[in-house]
1. Probe radius 1.4 Å, ligands and nucleic acids ignored: give me the carbon and sulfur share of the accessible area of region B:1-84 as a rounded percent.
2. Excluding ligands, DNA and RNA, what is the solvent-accessible area per residue of region B:33-156 at a probe of 1.4 Å, expressed in Å²?
3. Per the Kirkwood definition applied to all pairs of different Cα atoms, how many angstroms is the hydrodynamic radius of region B:26-93?
4. Using a simple charge model, +1 on the beta-carbon of Lys and Arg, -1 on the beta-carbon of Asp and Glu, nothing else, what dipole does the protein assembly as shown show about its Cα centre, in debye to the nearest 20?
5. Any idea what the relative contact order of chain B is, in percent, if you count C-alpha pairs under 8 Å spaced at least 6 apart?
6. Dividing the Cα convex hull volume of region A:151-247 by residue count, how many Å³ per residue is that?
7. Select from A:A126, A:A162, A:A100 the residue whose mean-square fluctuation is largest in a Gaussian network model of chain A (Cα-Cα springs shorter than 10 Å).
8. If you wrap a convex hull around the Cα atoms of the protein assembly as shown, how much volume per residue is inside, in Å³?
Amino acid sequence: MPYQFTVSPDFGPNQLAGWHIFNTWLQRQLDTDIHFETYDSFEAQRQAIDEDNVDIIYANPYDASFLVREKGFVAAATPQKPDETTIAVLVDSPVQEIEALTPGSKIAQTNDPDISMMGMLMLEPANLNAGNTTAIHQDSYIQVAKALIQGKADIGFFLSEAFDELSSLVKSQLRPLVSSDIQIVSHALLIGPKLADRKEELTNKLTSMDADPQDKSLLQSLGFEKWAPMDEDEMEFMIDLIEALAA
Amino acid sequence: MHDMSPSDIQGDYQETTLKYFDGNQRKVLVTDIETPYPEGKLIVSRTDTKGNITHCNRSFIDMSGYEESEIIGQPHALLRHPDMPAAAFEDLWKTVQAGDKWHGYVKNLRKDGGYYWVYATVIPNIRKGQVIGYTSVRRKPSRQKVEEAITTYANMN
């Protein structure tokens, strides 16, 4: 029975091939069979985790909390690329600051739990919350952008990296209203209890990937430059931070 | 904690003596200058179980006006503004020592005598069932909520 590897569904569409290649790299390094599975939604992935069908996961910080504290996962490494959130409006929207937004605002967003949480926190200065706004769920950040352009939503929540990667044609029709600058919250590669005894070995292999030009190129295709070790203490404090923010 | 120094203060100030729960007191110098909360930032710090700061992020340093070396090891009360009622902090400590999360609007004192408002959350860091310290995260507050807090705190003092 091969181990199961999955990636938080918030990765960019142009990164899928890179994650397949990364899975091949993982199998070679650990000398074991690993099946790469992608999920269409955060809910479907959460269900797979609940059913113990995930052994290795590139997890977003919100899910990391559940995986570490409820499922006994440990961090093998982090890309140390902070997850930031951008709230955008149409380029010609009269809204120039968060405080100008009013109750009843329609928010286009994906089901990405980190981005939804941070987006809502950044709306607090306008006294907006889930109770006086309407969430319009979309399948991807491209769809969030389209919802704004088509006038279906007043504001959109984006993973900042995804906003930056929108085509120039789409981006030219949007305007960032505010972007987070948290710096200390990031994705992490987590391994489950079945692979826990290989954590140190995997961390060593991951953190030396960038020394090999071909492997470094693979990391760049995933959107970052290198893996850094992440010890238990760092992970626990990141989880504390997420839990402090999750009301 | 040292008394605040007039040489650090920007603008006209008033002098007050703050008395803390542990019996210590500190002379603080306060001005009417508010520093707006920066967009999109979180101010994060960690303390040990006694409330002494062990870690802080760049936003904490920038907003407090202190150097990191002046912050680490100091009690979190370094940022206490005299307009904040003691009862608010009493509630904070009771809540987190019971293992719960505390939320509240807080007026913090800067090194230069000015102030900034935050919406703060404090949670206990629990490891293997033991509280090993506390994490505090502050974010930009709603102005309306700040105005309400000003009224509430004025009635508590």
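The values are calculated or read from the model by the stated rules, or taken from the named source; none is laboratory data. From a predicted model like this one, the values you see are computed outputs, not experimental measurements. Cβ sites come from the backbone with ideal geometry, for glycine too, and all protein chains shown count toward neighbours. The protein model used for the area step is the full one, side chains on, heavy atoms only, and it has no ligands, DNA or RNA in it. Shrake-Rupley method; radii C 1.70, N 1.55, O 1.52, S 1.80 Å.
1. Using a 1.4 Å probe with all protein chains present, region B:1-84 comes out at 43 percent carbon and sulfur.
2. On a per-residue basis, region B:33-156 sits at 43 Å².
3. When all Cα pairs of region B:26-93 are included, the Kirkwood radius is 13.3 Å.
4. Magnitude of the dipole: close to 600 debye.
5. Dividing the mean separation by the residue count of chain B yields 25 percent.
6. Cα-based convex hull of region A:151-247, divided per residue, equals 169 Å³.
7. Residue with maximal mean-square fluctuation among A:A126, A:A162, A:A100: A:A100.
8. 161
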